[in-house]
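The values are calculated or read from the model by the stated rules, or taken from the named source; none is laboratory data. None of the values given here were measured: they were computed from a predicted structure. Cβ sites come from the backbone with ideal geometry, for glycine too, and all protein chains shown count toward neighbours.
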Amino acid sequence: MAAFKLKNNINRLAGDVTIPGDKSISHRSVMFGAIAHGETKVTNFLPGDDCLSTISCFRKLGVTIEESDKGLRIVGNGFEGLKEPAEVLDVGNSGTTIRLLMGILAGRPFFSSLVGDASIGKRPMTRVTVPLTKMGAKLDGRKNGDFTPISIRGGQLQPIQYELPVASAQVKSALILAGLQADGESTIAEPAETRDHTERMIRQFGGEITKDNRTIRVKGGQKLTASDIHVPGDISSAAFFLVAGAIIPGSEIVLKNVGLNPTRTGIIEVMHKMGAELEIVQNESNDLEPVGDLIIKTSNLKGTVVEGELIPRLIDEIPIIALLATQAEGTTIIKDAEELKVKETNRIDTVVLELRKLGADIEATEDGMIIRGKTKLSGGNVSSHGDHRIGMMLAIAALLCEDSVELEQSEAISVSYPNFFEHLNNLIH
């Protein structure tokens, strides 16, 4: 596909954006609708490529899922309603789909095989296959089960007591979903708090799960009951407009219907720490997640340090935080973010490579990056490297650039935000 010419050197951004549905919650709404008993209706579902991959996989497992303008209708028959797929389950570019699905399939008494795109083929899976094997499932794949394709021969699972070696919501969720099928109570301890959408959704569907400090307990044999879900807006998608509003002169943007789950609001804390004029208008919470509107204005920003337990709460926002830091006075240091190396791309190296092309003063470290601001950005040819969050970050960076910017592999953005450019263009004045 030809390079996409980005808007650059604009005057200001102003207006409202209704943020599309949260990707993490959209994935889980399909999964829980499929393993619950009864009819689940989902509104504000995100129709991005990743979430459509989840729908495709569950249809191949025998689940009825209907799509309409109103959302999704999912007819679940419990875990036991899932059927052996006649073909390979293709997760596309979605790490959430493959890892959580492995937890579900580990407890099913049939064979299945999982593949994804080239990016998924490079992402480590032993962090899931090892503990699931300890529970009694038979999993295999390339490099002793570390890379796709992954084959699963599921069956009766034993409970597990497990300490996660990395803070990962995907791994935690896979083990919780397996634990729901195990013969007894599983305990999962995480080294730092990660997004808790899976735990919230279990309760939404009538299940029980407890958390004491960072130790989660879940009993097997629970029967989940269908529940309607309204998906809040994705704070990871909102982050691109939060940063745009803060760094483009004369701007004011209102972002509506944004999920404000406290395990996901690290971006808001960092922006406040850097001096952003960011206001939160809390709405009445829906049953599942806290929701609110965010108002962002052009801000005088200062550098900061982003580290430690904050990292899992903003891991997906680090590419756009790096751009924010280029427009802050002083030095910003991001550390403890080794997990970025095993995302859709090695996001440490990719962010540094692409922002340098535009004139940023940024360098990679073993576990993060150092950004020195405030820097004028020029222009040039950049690439998303097939990573949706890198693509959107570069589109926001281009708004500041004095010279034209062309983006290769812009189509990757549809993974999480199909209407991104439409929403961005509506704000440009």
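Within the stretch 291-305, the residues that satisfy the criterion of being in contact (Cβ under 8 Å) with a residue 40 or more places away in the chain and either surrounded by 24 or more Cβ atoms within 10 Å (Cβ to Cβ) or not hydroxyl-bearing (S, T, Y) (or both) are V291, L294, I295, I296, K297, L301, G303.
Being assigned to a helix (DSSP H, G or I), free of Cβ contacts under 8 Å to residues at least 40 places away in the same chain and within 25 Å of T225 (Cα to Cα) is a property that I55 has. Scanning the stretch 266-279 for residues that are under 13 Å from A238 (Cα atoms) and surrounded by fewer than 20 Cβ atoms within 10 Å (Cβ to Cβ) returns a single hit, L278.
Residue-by-condition table, conditions (1) of a type in the set (G, A, S); (2) farther than 24 Å from K70 by Cα:
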{"residue": "H197", "(1), (2)": "no, no"}
{"residue": "G220", "(1), (2)": "yes, yes"}
{"residue": "A226", "(1), (2)": "yes, no"}
{"residue": "P232", "(1), (2)": "no, no"}
{"residue": "R264", "(1), (2)": "no, yes"}
{"residue": "V270", "(1), (2)": "no, yes"}
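Restricting attention to the stretch 220-235 and to residues that are outside any loop (DSSP other than H, G, I, E, B) and surrounded by fewer than 24 Cβ atoms within 10 Å (Cβ to Cβ), the residue that is modelled with the lowest pLDDT turns out to be H230. Yes or no: the stretch 298-305 includes at least one residue that is at positive phi, out of contact with any Cys (no Cβ under 6 Å at 6 or more places or on another chain) and not in a strand (DSSP E or B). Among the residues of the stretch 298-305, not one is at positive phi, out of contact with any Cys (no Cβ under 6 Å at 6 or more places or on another chain) and not in a strand (DSSP E or B), which makes the answer no. Checked against (1) of a type in the set (S, T, N, Q); (2) part of a loop (DSSP other than H, G, I, E, B); (3) more than 22 Å from A246 (Cβ to Cβ), S414 passes all but condition (2).
Out of everything in the stretch 153-189 that is out of contact with any Gly (no Cβ under 7 Å at 6 or more places or on another chain), more than 11 Å from G103 (Cβ to Cβ) and touching a residue at least 40 places away in the same chain (Cβ under 8 Å), what residue ends up being surrounded by the fewest Cβ atoms within 10 Å (Cβ to Cβ)? Result: R153.
A quick yes/no check of all residues on (1) closer than 26 Å to G15 by Cα; (2) crowded, with 17+ Cβ neighbours inside 10 Å; (3) in contact with a strand residue (DSSP E or B) (Cβ under 9 Å, 6 or more places away or on another chain); (4) touching a residue at least 60 places away in the same chain (Cβ under 8 Å):
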position	(1), (2), (3), (4)
E317	yes, yes, no, yes
A328	yes, yes, yes, no
T350	no, yes, yes, no
K357	no, yes, yes, no
A360	no, yes, yes, no
G380	no, no, yes, no
R389	yes, yes, no, yes
D403	yes, no, yes, yes
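Is there a residue in the stretch 61-74 that is over 24 Å from R389 (Cα atoms) and surrounded by 24 or more Cβ atoms within 10 Å (Cβ to Cβ)? Yes; the residues of the stretch 61-74 include at least one that is over 24 Å from R389 (Cα atoms) and surrounded by 24 or more Cβ atoms within 10 Å (Cβ to Cβ).
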